[in-house]
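What follows is a single structure, written as structure tokens, with notes after it.
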Amino acid sequence: MNINNKIKVLSIIGLLAFSTAVSSQSKNFKVTLDAGHGAHDFGAVYNGHIEKNISLAIVLKVGKILESQPNFEVNYTRQTDVFIGLVERANIANRVDSNIFVSIHCNANKNTVADGTETYVMGMTKNASSLAVAKNENEVVTLEKDYKQKYNGYDPSSPETLIGLTLMQEDFLNNSIALAAKVEDEFSSIGKKIRGGGVKQAPYMVLHKAYMPRVLIETGFVSNPVEGAILDSEEGQNAIANAIAKAIISYKREYFGSGDGYTEDDRPSKKVIEKQTNETVTPAKKENKKESVDETGIVFKVQIAASTKKMDLEPSNFKGLKNIEMESTGTINKYFYGQTTDYEEAKKFLAESKSKGYNSAFIIALKNGKSVPLKDAVK
């Protein structure tokens, strides 16, 4: 074999290897883990318990568990004691196109009796304690150089200044709540106290700029002598890390499948298929017979948004899209466009939605009114 032929063969082998690597990566479930604080930003410090060290230790333990699982790709905002800006943490997740973003912290309170975990999603709240926690975490921006110019005058002492959320910015809210609920369920299973009795919303800067389902976990209070000692112990950190990792694995399995043969085509918007509930649905007017459920019971819809806001189902409120349906699941209102038994037609509805600016829209599949994995419905 002459040198030119050898080069051609090696080039083909290289291209095949690259193609295989890209193909395998497309099946991975990407998780970005964020250890709160770092370097000169110590976070909460009580009785020798330092938040930046505890959060990093837990993140590394969670990452190790996830890395041992098939079809997981773990990215970190930091793996050492370094300082990372809040928006840069979100950008790290955005750049690798993570499926989820999980920020891990410790809580603190002047009342040293306070204890328990809290799991937050991005959103607004009038709850004073939730705003106080967000304020403490957001004040990290003042440690960044030229933060007033960098954050366009954002005032970290007033978390409400992030209130400029739009319908599109809340697209991932229902997915975030689903992940947060799993975290709390796992904490509860190991005997951790859940403060407030449910998933909370608060205006966190680190969550605001991450364009994917994202949660912030307060793993406990370092200010509480008993809980602080647990948080700073190997045994305590292992228990917390296991709970968080189990929640993430469960979330991935439920919403993304096992990963075997799973491709990006199954979730064209980089979003998960949200479980449906039996809550009241406001039906849209049907225009043709194709929208009825066929003998398989399968129907496809395009979810264009999810929001705490309740909107009239007028085309003017949805960039001209007609026959919008809304499903209310308590605090969240989900909006759907198009309904068909034909997957190819559903893809046309999706393309139309994206052309109107709903870039995070995605197709869901229902069988006899209940959510099913899209890949199974297409089969």
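Bear in mind that the values in this text are calculations on the coordinates, not laboratory data. From a predicted model like this one, the values you see are computed outputs, not experimental measurements. Ideal geometry is used to build each Cβ from the backbone, glycine not excepted, and the neighbour counts take in all protein chains shown.
Summary table
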{"read-out": "Theoretical FRET efficiency, 1/(1+(r/R0)^6), r = Cβ-Cβ of Glu352 and Thr296, R0 25 Å, to 0.05", "value": "0.55"}
{"read-out": "Projected label distance in nm at Asn71 and Lys379, using a 7 Å step from Cα toward the beta-carbon", "value": "1.1 nm"}
{"read-out": "Inter-label distance, nm, simple model (7 Å from Cα along the C-beta direction), Val45/Lys322", "value": "6.5 nm"}
{"read-out": "Label point 7 Å beyond Cα of Ser188 along Cβ direction - residues of region 220-258 with amide nitrogen under 15 Å", "value": "247"}
{"read-out": "Simple spin-label estimate for Asn91 and Ser250 in nanometres, 7 Å along Cα-Cβ", "value": "3.6 nm"}
{"read-out": "Links that overshoot a 24 Å alpha carbon limit, given the list Lys347/Lys379; Lys30/Lys61; Lys319/Lys379", "value": "Lys319/Lys379"}
{"read-out": "Packing-based order for 63-70, 77-84, using average beta carbon neighbours within 10 Å, highest first", "value": "77-84, 63-70"}
{"read-out": "Counted charge near Ala57, where neighbours are those whose Cβ lies closer than 13 Å (Asp, Glu -1; Lys, Arg +1)", "value": "-1"}
{"read-out": "Efficiency of FRET between Lys110 and Asn368 - r from beta-carbon atoms, R0 45 angstrom, step 0.05", "value": "0.25"}
